[in-house]
C-alpha cells in the first residue's frame, strides 16, 4: 500500500482538512505555528509544480528537532496539555510536508482526527461543533479518496464527498442513541490547562482597573433560567466572592469563601418579612476558579454547588468546563454563618495611608444605615464621575479618589466605601461578581463579562446589608446596564468597535444577534451541559425509566435495532434481480424441448427455440400447434426488432405488434400442448 502515489486532488483534500482541524487550537498556538503552516503549504505547492523535491531524511530530522524545541520553549518549558497539543499540531504540519503515499494519507487522517478531538479541550462553542462536523466529513472523504488510489497513481471516479456524507448520515441514529442513553462521563476539557490566559473571568484579587478591563469583553459569563417569577433588574446582584483583606494596594479574596458547610434553612432578618423564593438554573462558562454565581439569600443548590460560610455558592474544584446547577434564593440575607469573633477581619486596615479619609469618617454616623446614607449623599451631591478611564492613583488611592480626582469605576467606589466604613468602626467587605444581565425574548438571562461589578456589604449587627455606591453616581448602571451608563463618554466596548453589542440600535443586526445567542444557549444547555443528572431526567420523562440500567438495556436494544435495520437495507439493495415472466416461460420451453430429445443447448436464442418447437410439431403432423409456435415467433420478433420475420425469412410488416403479456400467455398454452416426454 505504501508504494502507491497519491493523486493531486487527494493531497489537496488532505492538506485542507488538516489545516481546518487547527481551528480549535488558535487561542494558544504561538506565532511560529502559523509561519510553519505557510512554509509547509508553500513547499508542497512547489513540489506539485515540480520546482522542489520531497524533503530528505536530513531535512525531516532538522524539522522535528526545531519543532520540538520551539514547542518546549513557547509553552513555558514544562509538560502540559497545551505543550502536548502543540507538539501534535507540529507533527501534523511536518507530516503534511512529506505526505505522498496512501500510507502517509492514512497517518495524516488519523492525526487530523486527533487534532480535531484535542481542539475541543480549548473551545466548545457551537461554531467549533459545526467546524468539527465539516472536518469529519472531509476526513472521511479524504480516506475514501486515498484508499481508492490505484497503483497507476490515479483515483477511480468515485463520488467521495457524497459517499462520505452518506456514511455520516447513516451513523446519526447510532450517535444519537449513544449520546442520550450511554452513561455520562466527565468531559476531557474538565482538566486544568497549563495556561488560563484564554479564560475571561474575575480575579481572586481586585486592583483598581481590573474590573474595568474585564468589562471590555462581550464574552458570556453565564446564563440563568428562572422557573417562575423573576427578580427586578436592580436586584440581580450575582455574588461570586468576597474581598476582605486589604494590603494597601489591592483587595484579596476571603479565605472564608472556601470554607463550606451544608446549606441552612432560610432564616430572614425580619421575621415578618415575606421574601419571594426564586428557583433558577445557572449555566456557567469556564472560569478556572472555584466560585459559582448566585443571588443573595441562597439556601439550596444542587451539585456541584456547595455553600461557603460567607453565603456563596462554590464548587469543590476549579471550573474548567461549562457546568449547570440549580439554586434557590430569597434575596434576603440570613444571619451570617461566621462566628462573631471572626468579624475583626472586616475591620482590618493598613496601619498608615489615606489620612484624610480616616479623619473625615470621624464626622460620619457609626450606624451602618446612617453611614451609608451619608456616604451616598457625599457621592451624589459631589462632582463625582463614573468612567471606564479613571486616572492612576499611585499613592493614598482612596484620598486621591474621594477628595481630588473624583473619577472612577465601580471598584473605586466600592473600595473607598469599605475603607471608610472600616475606618469608622463598621465591619465591611467588598463583593465581586456581576450585576444585571440581558433578558432574551425566549425568557432566559445572559450575563456577560461587561456586566462585572463590585459592591459593598456592611455588617448591621445581625446580618449583612448590600450597599452599592455606584448607584449614587450612575443609577442607570443598576437599572439599565453598563452601555447606558457610559453613553456620554462612548467607552462601552471601545476596543471592539465593530461588536454587535455596540450596534444594538440597528434592529435587524440586534435581532440576528439575539437569534444567534438563542442557538448558543440551546447548545450550552442540551449538549455541553448534558450531564448524568440531565440524562436521568430525560430517561425518566421520555421513557419512564428510573434506573440507568434500564437505559443501558434500551441502548443495547437500539444498537441491535440499528444493525438489524442496516442489514435489511443492505440485503434489499444487493438482492438478486427477479427473473421476468418472459425469461421464466422460455426456461420452461427449453426444459420441455430437452426432454423431447431436441438439441437445445444452454444459451440458445428464444427465436431458435421457437423454430425447433415448430419443426417438432410439424414432424408430428400437428399443423395447428406448428402455426401457433410460428405466430409466437412472429410476435416475439416484432416485439424485439419491430420487424416481424416469418419462419421462411419473409418480412411481414402488416402484422400488428402484440403486447408481451399476449406472447407469454400464448407461449404457455403452446408449451402445454407439447408432449411431456
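The values are calculated or read from the model by the stated rules, or taken from the named source; none is laboratory data. Small disclaimer: the values here were computed from a predicted structure and weren't measured. Because the Cβ atoms are built from the backbone with ideal geometry, glycine has one as well, and the counts that use them run over all protein chains shown.
Here are the numbers for this structure:
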| quantity | calculated |
| --- | --- |
| Unmet criterion (only one of (1) assigned by TED's automatic domain parsing to the domain that holds residue 234; (2) in contact with a helix residue (DSSP H, G or I) (Cβ under 9 Å, 6 or more places away or on another chain); (3) closer than 30 Å to residue 120 by Cβ; (4) surrounded by fewer than 16 Cβ atoms within 10 Å (Cβ to Cβ)) for residue 476 | (3) |
| Checklist (1) surrounded by fewer than 20 Cβ atoms within 10 Å (Cβ to Cβ); (2) within 26 Å of residue 321 (Cβ to Cβ) applied to residue 65, failing item | (2) |
| Filter result for residue 110 (in a helix (DSSP H, G or I) and surrounded by fewer than 17 Cβ atoms within 10 Å (Cβ to Cβ)) | yes |
| Test: residue 221 is in contact with a strand residue (DSSP E or B) (Cβ under 7 Å, 6 or more places away or on another chain), in the same structural domain as residue 411 (by TED's automatic domain parsing) and modelled with pLDDT of 75 or more | yes |
| Hey, residue 39 out of contact with any strand residue (DSSP E or B) (no Cβ under 9 Å at 6 or more places or on another chain), surrounded by fewer than 15 Cβ atoms within 10 Å (Cβ to Cβ) and either outside the structural domain of residue 135 (by TED's automatic domain parsing) or in a helix (DSSP H, G or I) (or both) or not | yes |
| Residue in the range 271-286 that is buried (at least 20 other Cβ atoms within 10 Å of the Cβ), in a loop (DSSP other than H, G, I, E, B) and modelled with pLDDT under 90 present | yes |
| Test: residue 149 is over 17 Å from residue 24 (Cβ atoms), at pLDDT 85 or above and surrounded by 19 or more Cβ atoms within 10 Å (Cβ to Cβ) | no |
| Among residues of the range 219-258, those that are within 25 Å of residue 317 (Cα to Cα) and assigned to a strand (DSSP E or B), counted | 18 |
| Count of the range 455-467 residues which are over 12 Å from residue 429 (Cα atoms) and either in contact with a helix residue (DSSP H, G or I) (Cβ under 7 Å, 6 or more places away or on another chain) or not assigned by TED's automatic domain parsing to the domain that holds residue 388 (or both) | 1 |
| Some residue of the range 432-450 being within 16 Å of residue 378 (Cβ to Cβ) and either touching a helix residue (DSSP H, G or I) at 6+ places or on another chain (Cβ under 9 Å) or in a helix (DSSP H, G or I) (or both) | no |
| Positions within the range 287-309 being touching a helix residue (DSSP H, G or I) at 6+ places or on another chain (Cβ under 8 Å) and either on the phi > 0 side of the Ramachandran plot or in contact (Cβ under 8 Å) with a residue 40 or more places away in the chain (or both), in sequence order | 291, 295, 302, 303, 308, 309 |
| Output for the range 42-76, where each listed residue is outside any helix (DSSP H, G or I) and either under 23 Å from residue 120 (Cα atoms) or in contact with a strand residue (DSSP E or B) (Cβ under 8 Å, 6 or more places away or on another chain) (or both) | 75, 76 |
| Condition met for residue 485 (modelled with pLDDT of 90 or more and in the same structural domain as residue 289 (by TED's automatic domain parsing)) | no |
| Residues within the range 287-318 that are closer than 17 Å to residue 256 by Cα, at pLDDT 90 or above and part of a loop (DSSP other than H, G, I, E, B), tallied | 2 |
| For residue 396: the one exception among (1) in contact with a helix residue (DSSP H, G or I) (Cβ under 8 Å, 6 or more places away or on another chain); (2) surrounded by fewer than 19 Cβ atoms within 10 Å (Cβ to Cβ); (3) in contact (Cβ under 8 Å) with a residue 60 or more places away in the chain | (3) |
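Residues checked against (1) modelled with pLDDT under 75; (2) within 30 Å of residue 453 (Cα to Cα):
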site	(1), (2)
142	no, no
154	yes, no
157	yes, no
160	no, no
169	no, no
187	yes, no
195	yes, yes
213	no, yes
